[in-house]
Amino acid sequence: MKHFALLAATAAAALTLAGCGDQSSGGSAGGTRDQIRAVGSSTVYPFATAIAEMFVQGNPGMKSPIIESTGTGGGMKLFCAGVGAQYPDIENASRRIKKSEFEDCQKNGVKDIIEIQVGVDGLAFAEAKNGPGLKLTPKIVYEALAANPYGKGPNKAETWKDVDPSLPATPISVFGPPSTSGTRDSLAELILTKGCETDPAMKALKEKSEDEFKATCTRVREDGKYVDSGENDNLIVQKLGANPNALGVFGYSFLEENKDTLKDVTINGVEATYETVSTGKYPGARPLYIYVKKAHMTAIPGLQAFLNTFASNWNPDGALTKRGMVAAPDDVRKASADAVKSLAVLDGSQLK
């Protein structure tokens, strides 16, 4: 009887989603889906897949969720494209949704979005164990990687010593995330912009032209010094092993998992550790989110149970922290747990 009830609920949910899809696209959507689909951040990906495994173990008979690593930006485009069976239920994000993305969602009928912070991460900088021993600041990173530092012309720096005399004359070589990645957005916001703003003229430029300021402070050079390494952070880890003088940029959990082959590169003298990330002392600390379509909550079988699985495993001693995630502060976890229960939707007024 229990198995029959589960099948009946699944069938009803699939029909509900089909109707939801038809309504959102003038009756042309069609199709049903009886498993959860999530897209987005490569940083959140390993945590979401861990939750998917636990979800299946705790809910016999349910299909394993489909988790895709598309990058936060790429995932937002898929997530915001519409409501219905052909669109994802969840967006995993290593930064908060942007105002422009929220507006795209609204325009495409994705009206009610639930925002849940699932944890904290650090934007880690690392090198091989036998690397040059770099010690960096946002200013140094900016001057090494910016396409047009302080708007004074193309970046000519070839070595780290060219940027700062205290650093070794090692060629600048950085493996990092692509423009579609939330990690790249975090690099721009938390590090590059902060470094750029050390020049008073840049603050004046921001008041004069937000677009010009953004281009000057966040556009990365394209002459081979910064290598876009795709949405696979493990690939960056491998590349550092083969290039001991290179620097890698990725989520803290990947540094934590590879401490046997990598070492941390400090930012402002602060190491990326569980404590410094969780307290926000580390300059590259950032929140991790999932975004969920409320319209899919009753339509997709197991979606509420999947969110409950997240909420029961993000505590400091939970399964996710054992996988490398940093638990969010108590008040944030409480607010997130409330969001899972109430399914309160984001109004968008606080977004940038």
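The values are calculated or read from the model by the stated rules, or taken from the named source; none is laboratory data. Just so you know, these numbers come straight off a predicted model, no measurement behind them. For neighbour counting, all protein chains shown are included, and Cβ atoms are generated from backbone atoms with ideal geometry for every residue, glycine included. Calculation scope for accessible area: heavy atoms of the full protein, side chains included, ligands and nucleic acids excluded. Shrake-Rupley method; radii C 1.70, N 1.55, O 1.52, S 1.80 Å.
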Exercise. Using a Gaussian network model of the chain whose springs link C-alpha atoms within less than 10 Å, name the residue from 249, 83, 270 with the highest mean-square fluctuation.
Key: 270
Exercise. Filter the DSSP H helices in the chain by two things, a Kyte-Doolittle mean of at least 0.0 and an axial alpha-carbon span of 27 angstrom or more, and list the hits by number.
Key: 2-24
Quiz item: Can you give me the Cα centroid spacing of segment 284-298 and segment 325-345 in angstrom?
Solution: 11
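Under 9 Å from the Cβ of residue 263, count the other residues' Cβ atoms, weight Lys and Arg +1, Asp and Glu -1, and hand me the total.
Working: positive: 129, 259; negative: 127, 264.
Within the 9 Å Cβ shell, the charges total 0.
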Exercise. Subtract the Cα-Cα distance of residue 350 and residue 59 from 0.36 nm times their separation in residues, and report this length gain in nm to one decimal.
Key: 101.1 nm
Exercise. Quickly work out the residue 148-to-residue 111 label distance, labels modelled 7 Å from Cα along the C-beta direction, and quote it in nm with one decimal.
Key: 4.3
Exercise. Send over a whole-number figure in Å² for the accessible area per residue of segment 222-272, probe 1.4 Å.
Key: 43
Quiz item: What number, in percent, do you get for the relative contact order of segment 211-352 if the mean sequence gap of Cα pairs under 8 Å and at least 6 apart is divided by its residue count?
Solution: 16
Quiz prompt | Size of the chain as Cα extents on the principal axes (Å, biggest first) | solution = 73, 46, 35
Self-check item: Additional length obtainable on full extension of the chain from residue 243 to residue 315, 0.36 nm per residue less Cα span
Solution: 22.3 nm
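Suppose R0 equals 51 Å; then what is the FRET efficiency for residue 338 and residue 201 from their Cβ-Cβ distance, rounded to the nearest 0.05? Present the calculation step by step, with values, prior to reporting the outcome.
Numbers: r = 44 Å, r/R0 = 0.87.
Plugging the Cβ-Cβ distance into 1/(1 + (r/R0)^6) gives 0.70.
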Practice problem: Determine the distance separating the Cα centre of segment 64-93 from the Cα centre of segment 242-273; give it in Å without decimals. | Solution: 29
Exercise. With a bin width of 10 angstrom, please list the P(r) values of segment 81-186 as percents of all Cα-Cα pairs, from the 0 bin to the one holding the largest distance.
Key: 11, 31, 25, 18, 13, 2
Quiz item: Taking the highest mean first, how do the peptides 328-334, 278-284, 68-74 order by number of other beta carbon atoms within 10 angstrom per residue?
Solution: 68-74, 278-284, 328-334
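Taking the Cβ-Cβ separation of residue 305 and residue 169 as r and a Förster radius of 51 Å, what is the calculated FRET efficiency to the nearest 0.05? Present the calculation step by step, with values, prior to reporting the outcome.
Working: r = 56 Å, r/R0 = 1.10.
The formula returns an efficiency of 0.35 here.
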Quiz item: Could you give the dipole magnitude of the chain about its Cα centre, charging the beta-carbon of Lys and Arg +1 and that of Asp and Glu -1, in debye to the nearest 20?
Solution: 160
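Place the peptides 168-177, 313-322 in order of packing, highest mean first, counting for every residue the other Cβ atoms within 10 Å and averaging per peptide.
Numbers: 168-177: 19.2, 313-322: 17.2.
Highest-to-lowest ranking by the protection proxy: 168-177, 313-322.
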Exercise. Starting from the coordinates of the alpha-carbon atoms of segment 141-220, obtain the Kirkwood hydrodynamic radius over all distinct pairs and give the value in Å to one decimal.
Key: 13.1
Quiz prompt | GluC sites (Glu not before Pro) within segment 164-261: DSSP coil, no more than 16 neighbouring Cβ in 10 Å | solution = 222
Self-check item: Largest to smallest accessible area among 66, 191 [probe 1.4 Å]
Solution: 66, 191
Quiz item: Near residue 263, which aspartates and glutamates are there with a Cα under 14 Å away, not counting those fewer than 8 places off in the same chain?
Solution: 127, 271
Quiz prompt | MRE, 222 nm, helices only [DSSP H, n ≥ 4, -39500 (n - 2.57), over the chain, to nearest 500] | solution = -11000 deg cm²/dmol
Quiz item: Stretch residue 211-residue 259 to full length: gain in nm at 0.36 nm per residue minus the Cα-Cα span?
Solution: 13.4 nm
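DSSP beta bridges in the chain, what fraction antiparallel, as a percent rounded to 5? The partial results should precede the final answer.
Details: 24 of 36 bridges.
Of the beta bridges lying entirely in the chain, close to 65 percent run antiparallel.
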